[in-house]
Structures are given as structure tokens and as C-alpha cells.
Amino acid sequence: MNYGIVIKVLGNLLLFEAAALLLPLGVAFYYRENSALAFIYTILLLIILGGMMAKIPHVSKKIRSKEGLVIVASGWVFVSFFGALPFVLDGSIPSIIDAFFETVSGLTTTGATIIDNIEVLPRSILFWRSFTHWLGGMGILVLTLAVLPAIGVGGFQIFKAESPGPVSDKLVPRMRKTATILYTAYVGITLLQIIMLLFGRLSLYEAAIHTFGTVGTGGFSIYNNSIGAYRSSYVVIVISIFMIASGVNFSLYYELYKRNWKEIFKNSELRLYLSIIALSVLLITFNLYGKVYVTFFETFKQALFQTASIITTTGYATTNYEEWTHFSQGVLFFLMFVGGCAGSTGGSIKVIRLLILLKLVIREISKILHPRAVVPVRINGKMISPDVIAGVSSFFFLYLLLLVMGSLLISLEGIGLVSSISSVAATLGNIGPGFDFVGPTQTYSAFSVPSKLLLSLMMLFGRLELYTIFILLMPDFWNERI
Amino acid sequence: MRTIIVGGGKLGYKLAESLSQEDNDVVVIDIDSNTLERIHDNLDVLTIKANGTQLHTLEQLHISSCDLVVAVTGSDETNILVSIIAKKKGCKKVIARIRNPEYANQVEFIRSTMEIDYIVNPELATAKEIAKYLLKSQAVYMEDFAKGKIGMADFRVQNLTGIAGKKIRELGMTEPLLVVAISRNGEVIIPYGDTEILSTDTIHLMGQKESIKEFSKNYDSPISRRNVRKVLILGGGRSTYYLANKLLHNGVDIKIIEQDKERCKYLAENLKGGLVIHGDGTDINLLTSENISDMDALVSLTGFDEENLLISLLAKQCGVDKVVAKVSRSNYIPIIEQLGIDTAVNPILITASDILRFIQGGRVVSISLLLGGKAEVLEIIAHNESKIVGKKLSQLGLPKGIIIGSILHENKVIIPDGDSIIHAGDRVIVFCLQSEVASLEKYFYRAKGGLINELWNSYKGFGKSTSV
């Protein structure tokens, strides 16, 4: 293990976080809030620590996949820990465990909160809380890659460990350029949504906060009622559309820019993703029309928003879906396991994996009928290699295993089965709100400390696609003798 | 510069590595996903699993806006086809590898009629390199720069008397020579006055050619200066064919030992002279009965690096004066100097440097890679707008890894010190670690945007060829 380069990259990451904290500091100054001090202390600490780490001499610049995994996994824990400091120092969230939970929830774009009444918190603190969504959405290390001088070959190992999806590919030969392209698309969508929300007569501050929550598919709001605080249908529709847009593979925006229409229309993952959304919206609309909501438009709006919010793993709410029919709740529960597309900011299992698994099942069936048939599993007309298929299948199993084990441990809290399962599903899938005890109007504040830590771990598991964190827990990984 | 490399074998990998280390966008196409995975995990390039001869593949990569296509697949015919398609589709430059000796005399025809810009033949290049070494009378292998006025040579310290244990400043060289680098255990060290030379080191000396010869006289254990008259070649592959032809042409007697009967027949039929022996080259009895100790030189060109290295050691022990081994994988380079073999030629690096030299065109006069690509030596003509002109070297603030080895000013060789000044038009021989190649541009070329910058970008970033 090349510890020198690991520490150096982590040092750069902390320096980068210090730079990111300047933004909420600016907000604190603008609104003349006392929380500015909390940010200043954190920034100073990060600069000293990060500066020292970045100066560590390293023997070689080589980052192999092992180093890449360690950098990404420990990087996320470090950034979460230091990102939690402003909450504690300011006193907004006195407990360090709670603050850690909140920051992990922000960075992993989960949006699960332990704050019962957010409306009383200082604006700059809320800004930082939402800004973590934006930073974590596309991957904070990928962002560091785009901004810092090229780490070169090793950059790809970091990218591979951090970006979601079964296979990560570069768009252009240069890793740094790839990171820049992805972030350009990300920033572009962010700016577009802020402008659209400004048209909806939101203040710049509110527009920015809800945009961070949307494009990062996070779900932190500044109102206890989430988006439900806005009466305007325009805002609801705009946010719905941008949630869906953020669940799309960002490399498709590059194809869009290059006018490769064929690539976009023929993308089977995108087609399945949009089909699932359309079908879910239809089912919920017809199920609820006349029963829960009176007008058709209102029903459609609520169905669209909740569907988009859950499938993209954002977790915003305009309404308490606990009041919906059981069937509609069931549809939402199913969507919790779908997630966005690979290479998007969404979490959960991802559409592409389900698509591969679906095709695998079809293949098995046809193999029963024709035992000697040779049937390749194709996505977008290209054959998927057996390695990838095996990876996807074991990912799926591991996901379910974590869900079951996690729910078992959470059920020690003495909350109902639905609450236990949905709390783990909502954190592992980076969604945020679940059902019942952790429903859209509830928070995670009542959980005990061990449960909060477990759920934080689940969020990291989900965001970094299980294996990255899992490997770190394996003794073999650290055993240099082999 | 946008480059597409078709074929991810040893040469493809080496080229991708050299090109991607600088400001080039490199795409590697291969049909084997394992090959691609290795490239993909180690280099910052884009890999595509496809057939490079397919128009569709090349068009998807926007071949018309490409600057360079290098076709280095295993098949000559595929390479030619890829090159033709690429050229017809508007790629600026295409390079193909053609290695079949039966095509060798029609290469010029192929090149001109099919509009391929450059054709490389690794075996031929290797043979040329070996012949150059064998036919030169000096005992040390010397690399020529500045039209042969300046040379660079490697000396193994254990062969020199009275150097090991000394510090650089204590050498007290009478001749104007510069120790540009020391290789120690496969690593390159840039020496200072205080650097101590160990007996296991190899030192790289640069200076006027005559001075280097003087130096070898003063320090070296007695060098035999007899000319090479009898050469034994092991292995009967393509490079053997080329080398045998070259040596025969120069009146050298050759013996070839080859295991395959058919191949022996082929060689005997096609070579105009020389003795072809059917047998196992690793058989010591055969070697002794063929008078190995009587040979002036032994060249081991079998398909196995390990075999080549071991036979060379054996030959050295039998008292053969010059021993050359072919080593295709760069993995062994760090240990070769410790083995005590005079010269190891690496066809991959030789070919890579050929290609890079071609890409760079006239900008860099000569380029040579050392130690498997860890360092390179470039000959650059100083431009009057570049940063290095008109200032004392000590004021330039050159990075540690860049050393100005010699300057050819108005036909005079200058071994520079801190007070030397480079004038426009001088030929500057620069020794540069691979890690610093990127910063060379900053010092040696104009730093301007637009078209000129593009040109510089297309120049810089190549490198690698080690010959010996």
C-alpha cells in the first residue's frame, strides 16, 4: 500500500473541503449570523491538517485500485467528520453523533435528518447542510480530480471507486477532462434549475438550497414540510423535472452536447428508467384520483412528484404519502429499490443493474427451453461480459443481505417491522424518508446512538456501492503478507 | 494531439504510455478485453474494444479530426488496411508496422502508393541497431548527437579502475565531460558534486566524442580493439535474417543456430552466405563444438528473453568479447545492468523511439530513451524566443530532473556550467527524467496560445526508445 500518496490525496481533499466551506461562510456574513465563527474554526482546522497531510512525502505517485478504494472510502468518512464540525461548534446540533449522521446523510445525498425543527436553525448552517448534497452528489473526489492538478493514471481508480454503476467508463481519454465534462453538466443543470426556481419567485437563497437538494438527489429542505411548504404548482413541477433529469446518466448530457441523438434514444437504461416513472405515475394517479385528491391535476402532480422523488432517491415530499392507499404506498416502496441510472447522482440499486438482472432471468428461462442455446446478455446492443454479470448479481445479493441484517439490528429499537425495513432501505438506498416511524413527516432523531451509526454506515455503503466500504472491512485487504 | 493506436500489444502499450504522459489524448483499440484492461488500469487513456479495421469504429472516434493513427496489430495486412482507411477518412498522419521480410523490399512502394506516412519494422530496426554496435570498433556503446560531434556513453563502474567510492567532484576529469546520470539498481539518479559513486553503478557520460574515448582509455581496463570478424547468432527469426544480411554485406562471417528445421532451410536458401546450423542454441556442447570462445561476438535473438539473457551470460563466461541479447519486455531492464551483459536491445523501445522521432519531425533533432524510458536525451535547437536563450544557466531555475549536457555553439562543443549561456541556433543536448518531460516545453519553446501552441503540443510528449 502506498500510504504516502493516500495521505497526500486526502490532504488535498481536506483543503478542498475548506474551500467549499467558504461558501456557507459567505452566507453567514451576508446574513450577519454568529455561525460564521463555527465555519472559520473548521476552515482553519482543515487548512492546518490538510496542509500538513498534503506535504507528506510520497515515494511514488502510483495509485492502484487498492489505494483508490482506501482514498475514496476514508475520504468520505473524513469529509463527513469535518463537515459535521460546523453543526457542533455552532450548537445547532450539539451531539457529534447526530451531526455526523446529518453530514453523512447530506454527502451521500440521502436527506435523512435528525433535526425535528429545522426552521429555527441559522441560514448559513442550513446552507452548508444542503450544499453537502451538491458536493456529494457527483462525488467529492471526482470534483477534487477536476479541480486539482491531474493525479494522472491513479485518477481513474478513484473515479471507478466513487462513481455509481456496474461499469464506469471515461468519456474522453483524459481522466481529468472526463471529470471536468461531468461537472460542467452538473453545474449547468444546477444553474438552470436555480434560474427556473427564481422565476417561481423563490429568493436566491431558497432557490439555491432546493436546487442543491434536487440535482444532488439529496432531499434536505429548509422547511419542516419540505417542498409542501410551497403552494405553487410551478415549483413542484420544476423540481419534479429536475429530479428526473438528475437521475439520468450524466454522460448522456455529454452525448446531448455532441448531438449524438442516436446514443440517447437507443439507451436502454434511460428508456427503462423513463418507462418505470411513467408507469408508476399512471398507476398512482388512477389509484388515488377521487379518493385522496379531488382534481385530476392535483393527483397527477402529487403522483409525479413523489414518484420522481423516490425513484431518484431524492426524498423531497409535497404531501404525506402515509395517507395514500396501500397500493400507491406499495408502488413507492418498490421504487425505493430502483434508484437512478448509473453515472447519475441517484442512489439505490440503479436501473442498469435491474435491467441486467432482468435480461439474465430471461436468458435463464430460454436456457431451460433450449438447454444448448448460447444467449448473450446485451445492453445497448453490446454484450455484457460475464464478469460484469457476476458483479451485478453479487451486488444485488449483498444489497439484500445488508437490508435484512440492517433491519434485524434496527428492529432492536422496538419499532415496527415496516419502520425497521424502510429505515434501512431509505438509508441504504440514499433516499431519506421511509414509511411509518420514518415517514416523510418524521425524523430519525429518536433512534439510539448505535442505530444512528449503523444507519450512517448504511448510507456510506449505499453511496459508495457496497464494495468500496466492504473491502475496507476485510482483514485480507490489510494483510500485506499475501 | 489526438492519437488512435490500433493494437494494444507491447509496442502499442509503450506508445500509449509515452504519448499519454504528456498532453495527448490517446485512444487504444484492441479486440481483446484483457489486453485493454491492463492498459486501462495503468494508463490515462481511453480503451475501446472493437475491430480497428471497421470503418464504423474509426468513424465513431471522429477519425477525420485525428492527428495520428498508429497501426501496430499483429498482422501486417491489418495494419496496412487500418492505415489506408484512416488516411482516406482524413486522419493527418498514419503509421503502420510491417515486419514481414518478404515485404521488406516493397515497403517503399507500399508507403507511397497507399499514402502511409511512415512504416516501422521492429526487426529491421533492431538488426540495424545491433549491426551498428558490432561494426563499431570501440568497446563502449556510444549514442551520437549533434551530427556525431557529441556522444553519450554508459560505463559500468566496476570495469573502471579508481572511480568507485569517489565523489563526483573528486573525479578530477581532465577532459570536459559531464556525468549526466547514474543508474543504481535500476533507478536513475541525478548526480551532484557530493554524490558518491558506488561500484555497482553505471554512469552516463556526455561530452565530445574524442573526450569520451580518451576517458575510456584512461580509466577502463584494457579494451580489445580488434574488429568483429566472426559472429554467432542464436535464433533464426526475422531480426536474425536482417542482421545476417547486414553483417554479410560488411564482410563478417556469421553462424546461425536455429532449432526449427524448416526455418533453417529457409534461412540457408535466402541468405547469400553464412552457415546455418540446425540445433538447440542452449546446448553447451553444441556451442563448444561450434567454437563459441573463438567468436568475436554473440547475438542472442531467440523468442525468449530469459534464454537470451542466460546464453549471453554463458557466452561472456566463455570469453566472447561482445555479447548482445534481445530483451522484448521492459520488465527486465532494471536487472540487466546488474547481470553484466554488454548490451541488451529492446525491439519495442527501438521501434517506439523510431515512431516518436517521426512524430516529432524536425523539431527535435534526435531523441533517445534510456533505462526503459525512465529518462530521455533530446537534441533541441534553441529557438530565439525560448526561455533558455540569453540567460546564465544558473538563473534559469531548471528543475532537478533536467540537465543541459552539452551545447554545440558555432561548431564548438561546450560542456556547460552555471555561467554558460545558450544562444539562439545552438544545438542543446538535454538529459531529462521522464517525470520532467512535460516541463521541458516551458523552458525550451515559446509559450503562446493558438496555432503555435498546438504545434508545440503536438511536438512534446513523445519519448521513449532506448536502444541500448
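The values are calculated or read from the model by the stated rules, or taken from the named source; none is laboratory data. In this text the structure is predicted, and so the values were computed from the model without any measurement. Because the Cβ atoms are built from the backbone with ideal geometry, glycine has one as well, and the counts that use them run over all protein chains shown.
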Residues being away from every other protein chain (no Cβ under 14 Å), over 22 Å from the mean Cα position of the chain (by Cα) and without any contact (Cβ under 8 Å) to a residue 40 or more places away in the chain - total across the stretch A:177-206
8
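Does B:T113 count as surrounded by fewer than 21 Cβ atoms within 10 Å (Cβ to Cβ), over 18 Å from the mean Cα position of the chain (by Cα), at pLDDT below 75 and farther than 26 Å from B:I403 by Cα? Spell out the reasoning first.
Numbers: surrounded by fewer than 21 Cβ atoms within 10 Å (Cβ to Cβ): yes; over 18 Å from the mean Cα position of the chain (by Cα): yes; at pLDDT below 75: no; farther than 26 Å from B:I403 by Cα: yes.
Considered against the rule, which asks whether it is surrounded by fewer than 21 Cβ atoms within 10 Å (Cβ to Cβ), over 18 Å from the mean Cα position of the chain (by Cα), at pLDDT below 75 and farther than 26 Å from B:I403 by Cα, B:T113 comes out as no.
Can you pull out every residue in the stretch A:212-258 that is of a type in the set (D, E, K, R) and either closer than 19 Å to A:T132 by Cβ or out of contact with any helix residue (DSSP H, G or I) (no Cβ under 7 Å at 6 or more places or on another chain) (or both)?
Taking the stretch A:212-258 first, the residues of a type in the set (D, E, K, R) are A:231, A:255, A:258.
Passing the criteria: A:R231, A:K258.
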Which of the residues spanning the stretch A:384-420 are closer than 29 Å to A:V167 by Cα and buried (at least 22 other Cβ atoms within 10 Å of the Cβ)?
A:V392, A:G406
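Check whether at least one residue in the stretch A:298-321 is touching a Leu at 6+ places or on another chain (Cβ under 7 Å) and part of a loop (DSSP other than H, G, I, E, B), and report yes or no. Spell out how you get there, then give the answer.
Of the stretch A:298-321, the ones touching a Leu at 6+ places or on another chain (Cβ under 7 Å) are A:299, A:303, A:306-307, A:310-311, A:321.
With the extra rule that they be part of a loop (DSSP other than H, G, I, E, B), the set shrinks to none.
The answer is no; no qualifying residue exists.
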Which of (1) in contact with a helix residue (DSSP H, G or I) (Cβ under 8 Å, 6 or more places away or on another chain); (2) more than 14 Å from chain B (Cβ to nearest Cβ); (3) assigned to a helix (DSSP H, G or I) does A:S275 not meet, given it meets every other one?
(1)
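Report whether or not A:V167 is within 13 Å of another protein chain (Cβ to nearest Cβ), at pLDDT 80 or above and not in a helix (DSSP H, G or I).
On the way: within 13 Å of another protein chain (Cβ to nearest Cβ): yes; at pLDDT 80 or above: no; not in a helix (DSSP H, G or I): yes.
Here the answer is no, as A:V167 does not meet what is asked.
Can you pull out the strands (runs of 3 or more DSSP E) entirely within the stretch B:7-72 that have at least 2 residues that are within 12 Å of chain A (Cβ to nearest Cβ) and touching a residue at least 40 places away in the same chain (Cβ under 8 Å)? Spell out the reasoning first.
Numbers: elements: B:25-30, B:46-49, B:68-71.
No strands (runs of 3 or more DSSP E) qualify here.
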By residue number, the members of the stretch A:181-199 that are crowded, with 18+ Cβ neighbours inside 10 Å and hydroxyl-bearing (S, T, Y) are A:Y183, A:Y186, A:T190
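Where in the stretch A:46-159 are the helices (runs of 4 or more DSSP H), entirely inside, with at least 1 residues that are within 30 Å of A:A446 (Cα to Cα) and among the small types (G, A, S)? So that I can check it myself, show each step before the final result.
Details: elements: A:65-90, A:96-107, A:123-137, A:140-147.
By residue number, A:65-90, A:96-107, A:123-137.
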Tally the residues that are under 23 Å from the mean Cα position of the chain (by Cα) and either of a type in the set (G, A, S) or more than 15 Å from B:I29 (Cα to Cα) (or both), restricting the search to the stretch B:39-74.
3
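Give the residue, chosen from A:L408, A:L403, that is part of a helix (DSSP H, G or I), touching a helix residue (DSSP H, G or I) at 6+ places or on another chain (Cβ under 6 Å) and of a type outside the set (G, A, S). Outline the logic, then answer.
Numbers: A:L408 fails: touching a helix residue (DSSP H, G or I) at 6+ places or on another chain (Cβ under 6 Å).
Among A:L408, A:L403, only A:L403 is part of a helix (DSSP H, G or I), touching a helix residue (DSSP H, G or I) at 6+ places or on another chain (Cβ under 6 Å) and of a type outside the set (G, A, S).
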Output the residues belonging to the stretch A:424-450 that are farther than 24 Å from A:G137 by Cα and either modelled with pLDDT under 85 or not in a loop (DSSP other than H, G, I, E, B) (or both).
A:D436, A:F437, A:V449, A:P450
